[in-house]
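As structure tokens, the structure follows; a few thoughts come after it.
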Amino acid sequence: MANNTPAALQRQIIYSVYVRAHTPEGTFRSVVPDLDRIRALGADWIWFLPIHPIGEKGKKGSLGCPYANRDYRGTNPCYGSIEDFRFLCDEIHRRGMKVMIDVVYNHTSPDAVLLSEHPEFYYRDSAGNLGNKIGDWADVIDLDYRNRGLWDYQIESLRFWASIVDGFRCDVASFVPLDFWRAARAAVAEVNPDCVWLAESVHMSFGNYARAGGFVSTRDTELFDAFDIEYQYDVWECFERFLAGEGLLHEFTEQLKLQEALYRENYNKLRFLENHDQPRFRSRIETEDEQDNFTAMLFFLKGTTLLYAGQEFSCTHLPSLFEREVIDRSGRNISPLLMRLAAIKKTALGCCDSFDARADDEKAIAVMERRGESCLTVGVFSLRGRSGAVALDVPDGRYADLISGGDVLVENGQVFCTGKPVIFTCAR
């Protein structure tokens, strides 16, 4: 981990907002009336998908993708002015939350301000043409970090934004040289020593593919030198196989245990069920019991929790990155569950607990443990909503379920799982 990574991040919750999709107006100022509700969910941070102007040349859809950045130092005029954004940040801070913005440093739009000012900052293929290394990203062109002048420009941009916001989510951070991120972190610390850095690390297969093609793709173990939090994409493919019925639950729990073995004691993985690049989770499962169990497990896992706006309303449709599709808030509202789980995360789970997990593949029930200095916290999650007895390595007795407020009875080293998620603590 970065040397000054705050342990408190382990207990925090990030709420991700796509301004275009969040309200009918799709502006910075229109987010303000929703801030109290977001805060009540337990959110400590609001992460905004890119807020910068979007390129017109080669754009996807009618409005273009926010990850095709045209100007690192401006705001999308459809969202509002930089003064509007400052006002939004002030309102977020007034409610005790912090602000994180997306920085897209691997590439820009083909009509970016930076290209007209510094064409030498861009990657070119063997024929000398502008382009990108990932073929389906057709609306962007890649930057070339062999040019140290690019480092200076990008770091100066980060220093500017760090005077307004509290953290950066760095898009495909694995594809930008680690030495750059180290230098950027040190330079930004002069402006904002408490700035938090979140890396979008990449899927294991994607990283291997990039390295096989001769391109930079920093491994997760190395990225932690510069970042406080990383995506959990190192275990995501295994999780998706289980979700699709193509893999067993114990394969996923073993991967979680491997994280515990590989990384430093205070490692922090961003835990999510969905994000702007992944399908809405509610569209991938059948029942409310499944939703509740997966959601409870999400908060129990070691690391910062991510909620993508609309997740609390059980949305099944993922807003397009290229059009305006406002979040549908008419679905099942699980906000009360999220609030209870946020309270559990912030009070019952330690920042650097040891983590263990095992699975009953037949019932698809995961048993997870967070072990602190004085107590053991146990979670039992029936990920297919099935009932049945599962073994627990805790003393027989009656415990308080932190989720429902009811009792959990352990007899003969077993608990009967009703299909609902359970979290309880006991003395070590």
Query raised in the report: Looking at (1) under 30 Å from I51 (Cα atoms); (2) in a helix (DSSP H, G or I), which is the only condition M297 fails?
Result: (1)
Requested in this report: Report, by residue number, each residue of the range 86-105 that is more than 12 Å from P50 (Cβ to Cβ) and open to solvent by less than 10 Å² (accessible area, probe 1.4 Å).
Outcome: L88, C89, I92, M97, V99
Report task. Please state which one of S354, S335 is more than 21 Å from K269 (Cα to Cα) and polar (S, T, N, Q). Result -> S335
Report task. Within the range 397-426, work out how many residues are open to solvent by 80 Å² or more (accessible area, probe 1.4 Å) and over 25 Å from D361 (Cβ atoms). Result -> 3
Requested in this report: Look through D194, D166, D220, D179 and report the one residue that is acidic (D, E) and either at pLDDT below 95 or buried (at least 22 other Cβ atoms within 10 Å of the Cβ) (or both).
Outcome: D220
Query raised in the report: If the Cβ limit is 7 Å and pairs must be 6+ apart or interchain, which residue in the range 43-63 that is within 18 Å of F28 (Cα to Cα) pairs with which residue that is hydrophobic (A, V, I, L, M, F, W, C) and open to solvent by 40 Å² or more (accessible area, probe 1.4 Å)?
Result: L63/F322
Report task. Could you list, in sequence order, all residues of the range 381-422 that are in contact (Cβ under 8 Å) with a residue 40 or more places away in the chain and assigned to a strand (DSSP E or B)? Result -> F381, S382, C417, V422
**Report entry** Failed condition for Y123, given (1) open to solvent by 30 Å² or more (accessible area, probe 1.4 Å); (2) at pLDDT 95 or above; (3) under 25 Å from the mean Cα position of the chain (by Cα); (4) of a type in the set (F, W, Y)
**Finding:** (3)
Requested in this report: For D356, state whether it is touching a residue at least 12 places away in the same chain (Cβ under 8 Å), farther than 30 Å from A68 by Cα and open to solvent by 60 Å² or more (accessible area, probe 1.4 Å).
Outcome: yes
Query raised in the report: Looking at L63, L41, which one is over 28 Å from R159 (Cβ atoms), more than 19 Å from the chain's Cα centre (by Cα) and crowded, with 16+ Cβ neighbours inside 10 Å?
Result: L63
Requested in this report: Kindly check whether there is at least one residue in the range 343-352 that is part of a loop (DSSP other than H, G, I, E, B), out of contact with any strand residue (DSSP E or B) (no Cβ under 8 Å at 6 or more places or on another chain) and touching a residue at least 40 places away in the same chain (Cβ under 8 Å).
Outcome: yes
Requested in this report: Say whether the condition of being in a loop (DSSP other than H, G, I, E, B) and modelled with pLDDT under 95 is met by at least one residue in the range 354-371.
Outcome: no
Query raised in the report: For the range 246-263, does any single residue satisfy the condition of being of a type in the set (D, E, K, R) and within 19 Å of the chain's Cα centre (by Cα)?
Result: yes
Report summary line: Expected single match for open to solvent by less than 60 Å² (accessible area, probe 1.4 Å), within 26 Å of D360 (Cα to Cα) and not basic (K, R) among Q232, Q255, Q278 is Q232
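The values are calculated or read from the model by the stated rules, or taken from the named source; none is laboratory data. None of these values were measured; they are calculated from a predicted model. Ideal geometry is used to build each Cβ from the backbone, glycine not excepted, and the neighbour counts take in all protein chains shown. All accessible areas refer to the heavy atoms of the entire protein, side chains included, with ligands and DNA or RNA removed. Shrake-Rupley method; radii C 1.70, N 1.55, O 1.52, S 1.80 Å.
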